[in-house]
Structure formats: C-alpha cells, structure tokens
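The values are calculated or read from the model by the stated rules, or taken from the named source; none is laboratory data. Fair warning: this is a prediction, and the values are worked out from it, not measured in the lab. No Cβ is skipped: glycine too gets one built from the backbone with ideal geometry, and neighbour counts run over all protein chains shown. For accessibility, only protein heavy atoms count, side chains too; no ligands or nucleic acids. Shrake-Rupley method; radii C 1.70, N 1.55, O 1.52, S 1.80 Å.
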Amino acid sequence: PFGSLAGPSRPVSCAPCCAPCSAPLALARRPRSLRSPTLTGKLRATRGTYESGEAPMGGPGQCTPAIVASMTSKIKQELETSEVDVKPSTDASCVAITVVSELFEGKDDIKRQRLVYKAIWEEMSTTLHAVDELHLHTPTERDSLQ
C-alpha cells in the first residue's frame with residue numbers, strides 16, 4: 001500500500017512524542033531483518049587479517065611488542081622523524097602515540113592525525129582496537145612545552 005522502500009515518501013513518526021513528518025521511508029531506520037547480511041559478513045570476514053591474508057600476531061585487539069615496533073618504524077619512516085613513542089595500554093588493546101616531526105609545520109590537528117593514521121592503517125584495520133592518546137608536535141612546539 002505504501003510502495004517500495006525507495007518509492008514515494010509516507011508519513012512516519014520520528015519519535016513517539018513527535019508528530020508525523022514527511023521523511024522518505026528509505027531514510028527511516030530499517031529493521032535488522034532487512035539489513036544486508038552480505039555486507040556485514042564481508043566486514044567481519046576481513047577484520048583481523050592483513051592484506052596478505054595472514055593473521056596478526058596476538059590476534060585482533062591485542063597489541064604485542066612486535067606490533068608496537070612495527071608501528072613505530074612505520075611512523076618514523078612515513079613522517080621522517082626519529083622522535084616516536086608508542087606505548088600500549090595496560091590491557092594491550094589501545095596505544096598512546098607521541099610524535100615530534102617537522103612535517104607537522106603549518107598543519108592543523110586533523111591533518112597531523114591523518115598522517116599518523118595513514119602510516120599505521122594496517123594495524124588499525126586488523127590488530128589495534130584504538131589509539132587512546134595522540135600527541136603530535138612540531139620541534140618548536142615540543143621545545144615550548146618543556
């Protein structure tokens with residue numbers, strides 16, 4: 001009676017206390033039974049493995065000393081600096097990263113973060129759960145903090 005999901009809009013209620021609005025039905029939250037199982041299956045299938053197909057040491061969510069060393073060397077190489085400190089959290093699922101690089105000159109915080117995340121994207125997409133702290137400074141900023 002209301003057409004297809006992508007078809008014309010029909011009144012739907014945004015919230016129980018809200019009057020009906022004219023939002024398209026396709027924009028309303030779809031029930032779990034209508035969501036694509038293929039997409040979520042692909043995401044689950046690729047998480048926890050490197051591009052080569054091998055599983056990371058320690059398994060997904062575990063930050064081992066080898067992974068910390070790998071991340072440190074990748075950041076040093078990508079950002080052309082020797083001042084990199086990567087420390088795992090107490091439960092080894094997150095890390096705190098401190099980097100001092102001249103490449104950060106003239107870049108805002110978001111661009112600096114992108115440079116670091118680009119260097120460690122493989123670990124972020126497979127093993128590492130999250131970056132808990134990210135301290136990114138230029139040499140001048142570091143000197144003014146001391």
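Couple of notes before you dig in:
- In this structure, residue 87 qualifies as at pLDDT below 95, of a type in the set (D, E, K, R) and within 20 Å of residue 142 (Cβ to Cβ).
- The listed residue being outside any loop (DSSP other than H, G, I, E, B) and exposed (fewer than 14 other Cβ atoms within 10 Å of the Cβ), out of 141, 122, 78: 141
- Any pair with Cβ under 7 angstrom, 6 or more apart, that starts in the range 90-111 at a residue that is closer than 20 Å to residue 77 by Cα and ends at one that is charged (D, E, K, R) and part of a loop (DSSP other than H, G, I, E, B): 101/80; 103/80
- Count of residues meeting criterion [in a helix (DSSP H, G or I) and open to solvent by less than 20 Å² (accessible area, probe 1.4 Å)] in the range 81-106: 1
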